[in-house]
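One structure below.
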Amino acid sequence: GSWRHSFEEFVTGPSNELAFTASRGLCSSSLGFEKLMLCSKPGLGKTHRLQAIGREITSENQGKLRVAYLTAEEFACRMILAIKAKEMDVFKANFRDHLDVLLLEDIHFLQGKETIQGELLATINTLEDMGKFVAFSSSFLPRELSGLDSHLVSRLGSSFIAVINRPDFETRLRILLKKAHDNHVELPQEVGHLIAERANQDIRQLQS
C-alpha cells in the first residue's frame, strides 16, 4: 500500500500519548473497542495516525484484511458518482460487504450533507454489527459538529475518542531533533531550542 507513515516514526508526549496508544490498540484489538475517533486542530498528526493504523493492519495481516482509507470528501464524491451511474448497490457492497477496516478522514466535511450522512451511518452500523473496525479523524469533537444527523453524532460519540493537543516544549524539541536526525541535519542546541520555543502552533509549522 501507499502508506506514508508508520508508528515507529512518532514522537510521543503528554499531548498525543492517548491517541498513540488508542491507535495501536485498535490495530491489535487489545483495547477492546471497534470505533476510534481522533480529534485535533489541523497539523497535529491525525492523518499520520490513521495512515499508521492502515500500514500496521495491512502488514500485520499480510494484506488479508481489506482496508479502505479515504477522506469524507472522497466518500461523498464516490457516492454521488454511484447515484448518477445508478450503481448504489455496488457502492454499498464495496463499503459494507467487501471491507474489514474503514479509515475515514475529515468527518467534519459531511456537515450539512444529509444524504451522504445517512449512507455513512448505515455503513458504520453494518460494519460495527459485523465486528469490523472503523476509525475517523475530525477537527471537531462529535458534540461540536453542527449540521450532522443526531444518530450519526451519537454513533461517532460512542467511539473511543482520543484528542490530540498541541505538543509541549519538550515534545516539540524531541520532534525537531528527530526530524533533523532523519534528514541528516546538524542542529545546534540553541537553534533547536529557539525553533521549538517559537513554532508552538502545530507540527507542520515545526517541520517546515
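The values are calculated or read from the model by the stated rules, or taken from the named source; none is laboratory data. Just so it is clear, the model here is predicted, and its values are computed rather than measured. So basically every Cβ, Gly included, is an ideal-geometry build from the backbone, and we count neighbours across all protein chains shown. Please note that ligands, DNA and RNA were not included when accessible areas were found on the heavy atoms of the full protein model with its side chains. Shrake-Rupley method; radii C 1.70, N 1.55, O 1.52, S 1.80 Å.
Is there any pair with a first residue in region 54-80 that is free of Cβ contacts under 8 Å to residues at least 12 places away in the same chain and a second that is among the aromatic types (Phe, Trp, Tyr) whose Cβ atoms are under 9 Å apart and which are 6 or more apart or on different chains, and what are they?
Partner pairs satisfying both residue conditions: 59/3.
If you check residue 99 against the conditions, is it modelled with pLDDT of 95 or more, surrounded by 18 or more Cβ atoms within 10 Å (Cβ to Cβ) and not in a helix (DSSP H, G or I)?
No.
For residue 27, work out the one condition from (1) at pLDDT 95 or above; (2) assigned to a helix (DSSP H, G or I) it doesn't fulfil.
Unmet for residue 27, out of (1) at pLDDT 95 or above; (2) assigned to a helix (DSSP H, G or I): (1).
Do the conditions hold for residue 195, that is, is it at pLDDT 80 or above and among the aliphatic types (A, V, I, L, M)?
So residue 195 does not fit the description; no.
Mind counting the residues in region 103-157 that are polar (S, T, N, Q), under 15 Å from residue 77 (Cα atoms) and touching a strand residue (DSSP E or B) at 6+ places or on another chain (Cβ under 6 Å)?
Counting residues in region 103-157 that are polar (S, T, N, Q), under 15 Å from residue 77 (Cα atoms) and touching a strand residue (DSSP E or B) at 6+ places or on another chain (Cβ under 6 Å) gives 0.
Within the group 150, 138, 146, which residue is touching a Leu at 6+ places or on another chain (Cβ under 9 Å) and of a type in the set (Gly, Ala, Ser)?
Within the list 150, 138, 146, the selection yields 138.
Name the residue that is nearest to the chain's Cα centre (by Cα), counting only residues in region 123-135 that are surrounded by 15 or more Cβ atoms within 10 Å (Cβ to Cβ) and among the aliphatic types (A, V, I, L, M).
135
Can you find, within region 179-201, the residue that is nearest to the chain's Cα centre (by Cα) among those that are in a loop (DSSP other than H, G, I, E, B) and surrounded by 11 or more Cβ atoms within 10 Å (Cβ to Cβ)?
Result: 201.
Among the numbered criteria (1) open to solvent by less than 70 Å² (accessible area, probe 1.4 Å); (2) out of contact with any helix residue (DSSP H, G or I) (no Cβ under 8 Å at 6 or more places or on another chain), which one does residue 62 miss?
All conditions are met except number (1).
Just the residues that are farther than 18 Å from residue 173 by Cα and buried (at least 17 other Cβ atoms within 10 Å of the Cβ), please, taken from region 8-24.
First, pick out the residues of region 8-24 that are farther than 18 Å from residue 173 by Cα: 18-24.
Within region 8-24, 18, 19, 20, 22, 23, 24 qualify.
With respect to residue 74, is the statement that it is open to solvent by 30 Å² or more (accessible area, probe 1.4 Å), closer than 25 Å to residue 9 by Cβ and at pLDDT 95 or above true?
Details: open to solvent by 30 Å² or more (accessible area, probe 1.4 Å): yes; closer than 25 Å to residue 9 by Cβ: yes; at pLDDT 95 or above: yes.
So residue 74 fits the description; yes.
Residues are listed down the side, and each one gets a yes or a no for (1) in contact with a strand residue (DSSP E or B) (Cβ under 9 Å, 6 or more places away or on another chain); (2) open to solvent by less than 40 Å² (accessible area, probe 1.4 Å); (3) among the aliphatic types (A, V, I, L, M):
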site: 26; (1), (2), (3): yes, yes, yes
site: 38; (1), (2), (3): yes, yes, yes
site: 52; (1), (2), (3): no, yes, yes
site: 58; (1), (2), (3): yes, yes, no
site: 87; (1), (2), (3): no, no, no
site: 91; (1), (2), (3): no, yes, no
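So if I check each of 153, 90, 163, 191, which one is β-branched (Val, Ile, Thr) and touching a residue at least 24 places away in the same chain (Cβ under 8 Å)?
Going through 153, 90, 163, 191 in turn, the sole match is 163.
Can you tell me which residues in region 136-157 are of a type in the set (A, V, I, L, M, F, W, C), open to solvent by less than 40 Å² (accessible area, probe 1.4 Å) and in a loop (DSSP other than H, G, I, E, B)?
Result: 141, 145, 148.
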